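First the structure, in the form of structure tokens, and then the observations on it.
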Amino acid sequence: MGTIPDFSVDGLLPPGDYAVTLDELRESPLVAGCAELAARPCWDTPWRAHLVDNLEVLVRQLWRVGVADIFVEGSFAEDKDHPNDIDGYFVCDLMRLASGELERELNLLDPHKVWTWDPASRRPYRGYPKRQLPMWHQYRVELYPHFSGLSSGIRDEHGHELEFPSAFRRSRRDGKPRGIVRIRQT
């Protein structure tokens, strides 16, 4: 699938995988809204566009180190007027991640050195109960590494831990299936 459709009646990105470029994402209903959403006075197109600009910084860094499979979702993929952030994951090699090589390469590219998933690096943010990673504080984007067999920490309705591909295809608010966006290079 390519073009991102309008939100479903449940306010979710319809189930499916939508492979789009960053420019196509900027022009999609996830940023511009559909006719109904764009007419709402609180639909925050500028904020959503800003999040995509920040996402682009991190995606380009991942591309430069050879990571190609990058997926985004979260409240950004729902009809929430002002999502807090963009969540996502990228597929990587376990050994490259475990050795710290991937983190080192990415931090050489990022001027703020935000690439870490160490729980000790999480800091509070005013008004938020959850401590956030450095990349969230700088970019309001959280991208997590994924390799086969890695659980996300998110559980299904039966209490089973899900891997990112499964976890991100369900709405956290009600567990309904939703789509996911794969960022493709131009």
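Taking first residues from region 51-63 that are more than 11 Å from residue 86 (Cβ to Cβ) and partners that are modelled with pLDDT of 95 or more and in a helix (DSSP H, G or I), the Cβ contacts under 7 Å between residues at least 6 apart in sequence or on separate chains come to 57/139; 61/106; 61/109. Would it be correct to say that residue 22 is under 15 Å from residue 75 (Cα atoms), out of contact with any Gly (no Cβ under 7 Å at 6 or more places or on another chain) and of a type in the set (A, V, I, L, M, F, W, C)? It is false that residue 22 is under 15 Å from residue 75 (Cα atoms), out of contact with any Gly (no Cβ under 7 Å at 6 or more places or on another chain) and of a type in the set (A, V, I, L, M, F, W, C). Mind listing just one residue for me: the one in region 9-27 that is in a loop (DSSP other than H, G, I, E, B) and either touching a residue at least 40 places away in the same chain (Cβ under 8 Å) or in contact with a helix residue (DSSP H, G or I) (Cβ under 9 Å, 6 or more places away or on another chain) (or both) and, of those, surrounded by the most Cβ atoms within 10 Å (Cβ to Cβ)? So the residue we want is 13. Somewhere in region 123-138, is a residue at pLDDT 95 or above, in a loop (DSSP other than H, G, I, E, B), buried (at least 16 other Cβ atoms within 10 Å of the Cβ) and touching a Lys or Arg at 6+ places or on another chain (Cβ under 9 Å)? Yes; the residues of region 123-138 include at least one that is at pLDDT 95 or above, in a loop (DSSP other than H, G, I, E, B), buried (at least 16 other Cβ atoms within 10 Å of the Cβ) and touching a Lys or Arg at 6+ places or on another chain (Cβ under 9 Å).
Being within 29 Å of residue 178 (Cα to Cα) and surrounded by 17 or more Cβ atoms within 10 Å (Cβ to Cβ) holds for only one residue in 79, 93, and it is 79.
Scanning region 10-25 for residues that are under 10 Å from residue 178 (Cα atoms) and either charged (D, E, K, R) or in contact with a strand residue (DSSP E or B) (Cβ under 6 Å, 6 or more places away or on another chain) (or both) yields 10, 11, 12, 15, 17. Take residue 152 and tell me if it is at pLDDT below 95, over 26 Å from residue 23 (Cα atoms), crowded, with 16+ Cβ neighbours inside 10 Å and under 15 Å from the mean Cα position of the chain (by Cα). Against the criterion (at pLDDT below 95, over 26 Å from residue 23 (Cα atoms), crowded, with 16+ Cβ neighbours inside 10 Å and under 15 Å from the mean Cα position of the chain (by Cα)), residue 152 qualifies.
The values are calculated or read from the model by the stated rules, or taken from the named source; none is laboratory data. If you're wondering where the values come from, they're calculated on a predicted model, not measured in any experiment. All Cβ positions, even for glycine, are placed from backbone atoms using ideal geometry, and neighbour counts span all protein chains on display.
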